[in-house]
Amino acid sequence: MRPVVSQVLSEADDGGGRRPPAAAAAAALLLSLCLGFPPSVAACPPACLCASDIISCSGRNLSTLPFDLPGYATRLDLSHSALAALPADWIARPFDRLATLVLSRNAIARIEPDAFALAPHLLHLDLSSNRLAVLNASVFRGLEELEVLLLFGNRIVRIEPGAFGGLRSLQRLYLSGNRLAAFPLELYQGSAGPRNLTFLDLSSNRLQQAPVQSLLSLSARQQAGIYLQGNPLVCDCALLALLEFWVWKQYRPLVDFRGDYPCRLGGDGAGARPSCAGKQQGAANNFLEAGMHRVEPGDWLRVPCPGLAPPTQGEPVAFWVTPRAVLRSPADDPSGRLLVLPNGTLEIRGALLEDSGTYACAAARGRPFDPGESPEVTVLVGNSSVAPAAGLAHGGGAEHFNTAFTTLASCVISIILVLLYLYLTPCRCREGRAGGGARGCGGRAILLCSDPREVDSGERRSNGKRVAFLEPKAEDSDTCGPKTPAMNSAHANTEGILKNGSRTVGQTLTDPAHVA
C-alpha cells in the first residue's frame, strides 16, 4: 500500500518538488476513502504530528482546520497558527472524544455561537493570546462539561450577559491580561452560569473598584480563588477592609502576591495607606473579650467590631459577615433587625434563635493581626450552644451540641441502672431456725441458689447455680422465724431460668432452708 500512497502524493506535487498542504491532505483523505477506511481512522495529516490519541498541528501557520483530522483524538493542538475566526462550521466532523483543545497564539478575533457544538465533551479549552475583544452571549454554548477556560492575553473589554451561560461545570477561569474595567459578577450571580467556580484570575486588567460587599458574600472557597493583583484599584477603606480580611484568612492570592496590590497591608511594602482607623491600645485583650456574646431571645445585643479603633476623622468602614448576609448599612437587612451603627458596632434587635452563629467584622484596621487575634465573634441566643474553639478558628463555623438528646440518654441510662439494682442484685438470705424463712428480703428479688440435685445429695459445688423467685413477705423483719415464712413449702413452685449447657431445668424447692 505504501507505493500507492507515494503515487497519489506525487500526483499532488506542484511541479517544483513541493506539495501544498491542502493538496496533500486532500490526496491522503481521498486515498483513505478509496481504500475503505472510515474517516475516524484516517491517516494523520501531513502538516500535523500524531501520537496515539494526541494530534499536534502547532506552528504550521494554518489558516483553516485540516478537514482530514482523525476523529479519535482526545487532544488537539492548533496553537501558533493563523486562525482568524471560528465560524459555526469550522469543525468538519464530530469529535466526540476530544477533551482538550488548544487554540492559543492565533489571531482569533471572532467566535460565532455553536462554534464548539461538534466537541461537546471538552474539558479544557485554551484561547489565550488571541485578539478577542468582546465575549458575546452564548459564545460557549454547548460546553456543559468544560472545567478549565483560558482567555488570558486577549483584548477583552466587555463581557455581555449570558456569555458564560451553560458552563455549569466550569471551575477555573483565566481572564488576566485583558482590558476589563468592571468585575464580572454574573459569574457568581447568574442562574445559568458556573456553579462550582473556585478560581478566577482577573489580574492585570483595568479594574479600579472592587465590589467588596458582594465579594464578602461569596463562599470561602470562592473568595480564596479570586486574583486581583496588578489592577489600578483605588485603595480606599472598603478595599483595605477586604484585603486585610483575606490576609487574615490566608487566602493564596494575598499570600502569594501581597506586594502587587495598591494598598500597603499591615504596614509592609509600598503602596497607599488610607486613614481608616485610629491607634488601638490593648488590641489582643479587646479580641479576647469580644470572642463570645450571649443574649436571651427577644433582647437586643450590641457587638463591637473586634480590634477596631475609631478613626481620627470621619467614621470607620466595617462590613459584618453574618450567617445570612453581609451588612454595611441598616438598609442591607430586609428585616431591619440587624444594623451596623456608625462606629462599626453590630446591633441585633429582638434576637431570634436562628441568629446564633459566627459573625466576622471585616474592617480597615491599618495594622496586621497579632497571633491569637480574630475578627470573628460568636453569638449565642438562648440555650443554643456553640463550640467556642471551632467558632473562633480560621474559617471555622459554630457547631451546635444537642443537649436534649444527652438529657434523654442520661434518663434512659439512669432507669436501666435502677432496674439492674432492683432485679439483678442478689439478696442474701440467711438460714433460720427450724422451718425458717428468708431474712432481709423485703420484696421480689432474684436469688442464686444451689442446684436442687446438690441439695438432695448434701453436696455443694461452685457451679450449677439456679435462680429462684421468692414472693415478698407480709412485713419486713430482720429475723426469720416460723411466724412469717418466706415461702409456703407446699406451694413453692420455682423455675430455674439459668441454662446448664443447652437445656433449662425447672425444679421445685421444697426446703427454703437450703436456699443460698
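General observations
- Each Cα pair under 8 Å and six or more residues apart adds its separation to the average, and for region 322-362 the resulting relative contact order is 35 percent.
- Working note: Karplus 6.51/-1.76/1.60 with θ = phi - 60° gives region 344-357 the couplings x, 7, 8, 10, 10, 9, x, 4, 10, 4, 6, 7, 5, x Hz, where Gly and Pro are set to x.
- Nonlocal amide H pairs with SER356, under 5 Å, H built at 1.01 Å: VAL381
- Each Lys or Arg adds one and each Asp or Glu subtracts one; over the other residues with Cβ under 10 Å from the Cβ of ALA192, this totals +1.
Every read-out reported here was derived from the displayed coordinates using simple, explicitly stated rules and does not represent laboratory data. On a predicted model such as this, the values are computed, not experimentally measured, just so you know. Cβ coordinates were reconstructed from backbone atoms using ideal geometry, including for glycine residues, and neighbour counts include every protein chain displayed.
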